[in-house]
Amino acid sequence: MSESWKASVARRPLLAALGGLAGIGIVGSAVYEVSGLMGTRAAHGPYGDLLANLGDMNNATVVGKAVLAGESSFQPAKVAESLRRTLRDRTLSDVLVAEAVQNRVVETQGWVLPETLTRLCALAAAAP
Amino acid sequence: MSAFSDARTVPSGTVLETDLVIIGGGPAGITLALSLADKPIRVLMLESGGTSFDDKTQSLYDGTQTGVPYTPLNATRQRYLGGGTNHWGGWCRPLDASDFEQRSWVPYSGWPFAKAALDPYYPRAQALVEAGPFDYEGKYKPWVDKYGAPLKLGAGGVYNSWFQFSKMRGSQLPTNFGERYAADLKKISNLTALLHANVTNIALASDAKSVDHLDVATLVGGRFTVKAKQVVLATGGIENVRLLLASNGVMKQGIGNGNDLVGRFFMDNPIPRQTAKLVSFGGPIAPYYPSNQHGDGAIFRATLAVTDDYKRTRHVMGSLTTVENRVELDDFGKAVVATTASALGIDAGNATAYALGCGMELKPDPDRRLTLISARDALGMPRLNLHMTIGDEDFALYRQTMKELGRQLLAARTGMIHLDRSSRESWMETMDWGNHHVGTTRMHDDPKQGVVDANLRVHGIGNLFIAGSSTFPTCGASNPTMNLVALTLRLADHVKGLFP
């Protein structure tokens, strides 16, 4: 893989930490410039509480658009409600691992992904 | 005669008599000859070729093909001493226990014995193919200690297993039985090896219950006869068929073909390339995945195999997935990996992607078959047509296994999988074949379902045996050479009992 992509991924923990300070406009602006990927849109949207689980909103949106391409009746509000229940007492990581163990995986353009991750990404893509 | 003789010097009309004749000097024939060395049995081995490649001899293999593309019949084999080991890749791995079982989801499956019947012969087979210590399930800890731990997988249907390799000497190919064992064969006092000797007919007695004699020809016009108490046919999974079908003087449908089985059920291991991409979140995986490694007297390589339990419960076929080369992901793939790793709480800063390849097990298909055609070779024998097939289900079942691997990587939080192929056309784009010729004289206790019995004796013919992978009822995913050597060692024990 390209070195630039590795660098982008490696920076993600730092970006995520900085993303938590999104209320500080100057910091958020700096992150956006550095990464070219990080947006603040989702964090302020109606599903911001859920989408905060995703590290990089632009990447998640790219994945989500692919998920939505295979969905004919995606209902964001209902999906969000379900995801909130799923994630109420567990971390996203724990949920995804549990789904993999339970064979709750789906294909998105050939990638084998846990169900909840695809639903979160779809929400990111569908969010206003 | 000396141990190695030239059939072209045998006067026409000569009748050679012996206790046992082995037709074919490939890995099966040579293994059998070596195994009988300490017995007072006069053995004659007839090899069509000499000790090196010859165009005229090789052209005896010419044939035609229909169905899906497959290696030309004159290229998928080597017609000289050593046979298939003149061009094999040296990949070794025993068949799995489930490969021997009757599997309800695999029509025509089930060997007449369990793997346990072959287990005693594997160490000797391993020694003959010179593949080092016998350790296919990774108990050989020094490998892991030296090169690092295998890829961590969650519980499931795919597990880390191993290939071992027939030894290479410098740039030489793996153990070539003809070259490697020529000196040993020459030392066997009771063995005569006739090179350039082509069996053109297996002549049955008039009651069709035994072989009376063999007709032998040379490419310089010689014709002579061999009479033997016992006959072992060991010319490979394609040529065995031609000789049986063409030997129709007494049994008009061909020897052993009373139930129209000879030549049917041809199998090989499809080797599609770039079947999937494996992403390792933690960076490069151990070097014994993408390439062969040397250690402690062995050459080895990891493979991702299917557990017997998964085969039994999910009804997939066998497959052995190999890691091929590093690949670059497209932008969408990068976004997927970054998103997934982040969601799993994993730092994928060194994530590395690899293309996967595999060796698959085909479902037996009676219509995947060899038949005689009207064209004839230089010795007057009819040539063969191979009709090759591969079912959509064969691809779908392997794809299911790859999806299982993806699930297991996610469960372990170590990586993920992209399935590269989803249409028949796509699978066929990179299709290669193992050139493993299996199944055409299949083994079964019931003559209506098999050409040979559990002792490899042709049903109904008292003194005719077949050695080699043509007797495998199913092929498994493991490469056949070491397995056919083990089966031949078992046959040797049986043959010894025929000469008290």
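The values are calculated or read from the model by the stated rules, or taken from the named source; none is laboratory data. The shown structure was predicted, so the numbers you read here are calculated from the model rather than taken from an experiment. A quick note on method: Cβ atoms are made from the backbone with ideal geometry, for glycine too, and the neighbour counts reach across all protein chains shown.
Which condition number in (1) of a type in the set (Val, Ile, Thr); (2) touching a Leu at 6+ places or on another chain (Cβ under 8 Å); (3) assigned by TED's automatic domain parsing to the domain that holds B:Val211 is the one that B:Thr481 fails?
Failing condition for B:Thr481: (2).
Quick one: how many residues across the range B:323-338 are touching a strand residue (DSSP E or B) at 6+ places or on another chain (Cβ under 9 Å), in a helix (DSSP H, G or I) and at the interface with chain A (Cβ under 7 Å from one of its Cβ atoms)?
Adding up the residues that qualify gives 2.
For (1) under 27 Å from B:Gln126 (Cβ atoms); (2) in contact (Cβ under 8 Å) with a residue 24 or more places away in the chain; (3) hydrophobic (A, V, I, L, M, F, W, C), each residue gets a yes or a no:
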| site | (1), (2), (3) |
| --- | --- |
| B:Thr9 | no, no, no |
| B:Gly13 | no, yes, no |
| B:Ile22 | yes, yes, yes |
| B:Ser35 | yes, yes, no |
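Mind counting the residues in the range B:131-159 that are under 25 Å from the mean Cα position of the chain (by Cα) and at pLDDT 95 or above?
Here the count works out to 3.
Please state which one of B:Ala116, B:Ala149, B:Ala155 is assigned by TED's automatic domain parsing to the domain that holds B:Arg8 and either of a type in the set (A, V, I, L, M, F, W, C) or in a loop (DSSP other than H, G, I, E, B) (or both).
Within the list B:Ala116, B:Ala149, B:Ala155, the selection yields B:Ala116.
Report every pair of residues separated by at least 6 positions or lying on different chains whose Cβ atoms are under 8 Å apart, first residue within the range B:401-417 and farther than 18 Å from B:Thr352 by Cβ and at the interface with chain A (Cβ under 7 Å from one of its Cβ atoms), second in a loop (DSSP other than H, G, I, E, B) and small (Gly, Ala, Ser).
Qualifying pairs under 8 Å: B:Arg407/B:Gly154; B:Arg407/B:Gly156; B:Ala411/B:Gly154; B:Ala411/B:Ala155; B:Ala411/B:Gly156.
Of the residues B:Val495, B:Val485, which single one is over 30 Å from A:Ala98 (Cβ atoms), outside any loop (DSSP other than H, G, I, E, B), more than 14 Å from every other protein chain (Cβ to nearest Cβ) and touching a Pro at 6+ places or on another chain (Cβ under 7 Å)?
Being over 30 Å from A:Ala98 (Cβ atoms), outside any loop (DSSP other than H, G, I, E, B), more than 14 Å from every other protein chain (Cβ to nearest Cβ) and touching a Pro at 6+ places or on another chain (Cβ under 7 Å) holds for just one of B:Val495, B:Val485, which is B:Val485.
Within the bounds of the range B:349-360, is there any residue that is within 7 Å of chain A (Cβ to nearest Cβ), on the phi < 0 side of the Ramachandran plot and without any contact (Cβ under 8 Å) to a residue 12 or more places away in the chain?
yes
Please specify each residue of the range B:219-253 satisfying the condition of being surrounded by fewer than 22 Cβ atoms within 10 Å (Cβ to Cβ) and not aliphatic (A, V, I, L, M).
Result: B:Gly221, B:Gly222, B:Arg223, B:Phe224, B:Thr225, B:Lys227, B:Lys229, B:Gln230, B:Asn248, B:Gly249, B:Lys252, B:Gln253.
Kindly indicate whether B:Gly283 is at pLDDT 95 or above, outside any strand (DSSP E or B) and touching a Ser or Thr at 6+ places or on another chain (Cβ under 8 Å).
When the stated conditions are applied, B:Gly283 passes them.
Which of the residues belonging to the range B:121-142 are without any contact (Cβ under 8 Å) to a residue 40 or more places away in the chain and not in a loop (DSSP other than H, G, I, E, B)?
B:Pro123, B:Ala127, B:Lys141
Within 15 Å of A:Leu51 (Cα to Cα), more than 7 Å from every other protein chain (Cβ to nearest Cβ), buried (at least 21 other Cβ atoms within 10 Å of the Cβ) and not charged (D, E, K, R): is that true of A:Leu92 in this structure?
No; evaluated as a whole, the condition is false for this residue.
B:Leu278: touching a Phe, Trp or Tyr at 6+ places or on another chain (Cβ under 7 Å), crowded, with 24+ Cβ neighbours inside 10 Å and not in a loop (DSSP other than H, G, I, E, B), yes or no?
Answer is yes for this residue.
Examine the range B:59-78 for a residue that is in contact with a Phe, Trp or Tyr (Cβ under 8 Å, 6 or more places away or on another chain) and assigned to a helix (DSSP H, G or I), and state whether such a residue exists.
No: the range B:59-78 contains no residue that is in contact with a Phe, Trp or Tyr (Cβ under 8 Å, 6 or more places away or on another chain) and assigned to a helix (DSSP H, G or I).
Please name all residue pairs, on different chains or six or more residues apart, with Cβ atoms under 8 Å, provided the first residue is in the range A:104-125 and is more than 7 Å from every other protein chain (Cβ to nearest Cβ) and without any contact (Cβ under 8 Å) to a residue 24 or more places away in the chain and the second residue is of a type outside the set (Ser, Thr, Tyr) and assigned to a helix (DSSP H, G or I).
Listed pairs, sorted by first residue: A:Arg104/A:Glu115; A:Val106/A:Glu115; A:Glu115/A:Glu99.
Determine whether the range B:292-300 contains at least one residue that is polar (S, T, N, Q), touching a residue at least 40 places away in the same chain (Cβ under 8 Å) and touching a Lys or Arg at 6+ places or on another chain (Cβ under 9 Å).
Checking the range B:292-300: at least one residue is polar (S, T, N, Q), touching a residue at least 40 places away in the same chain (Cβ under 8 Å) and touching a Lys or Arg at 6+ places or on another chain (Cβ under 9 Å).
Checking B:Asn292 against (1) at pLDDT below 95; (2) in contact with a Gly (Cβ under 6 Å, 6 or more places away or on another chain); (3) of a type in the set (S, T, N, Q): exactly one of these is not met. Which one?
Every condition holds for B:Asn292 apart from (2).
Quick check on A:Val79: is it in contact with a strand residue (DSSP E or B) (Cβ under 8 Å, 6 or more places away or on another chain), under 13 Å from A:Leu117 (Cβ atoms) and either acidic (Asp, Glu) or more than 9 Å from chain B (Cβ to nearest Cβ) (or both)?
So A:Val79 does not fit the description; no.
I want to confirm something. Restricting to the range B:410-444 and keeping residues that are part of a strand (DSSP E or B) and β-branched (Val, Ile, Thr), which single residue is surrounded by the fewest Cβ atoms within 10 Å (Cβ to Cβ)?
Selected residue: B:Ile417.
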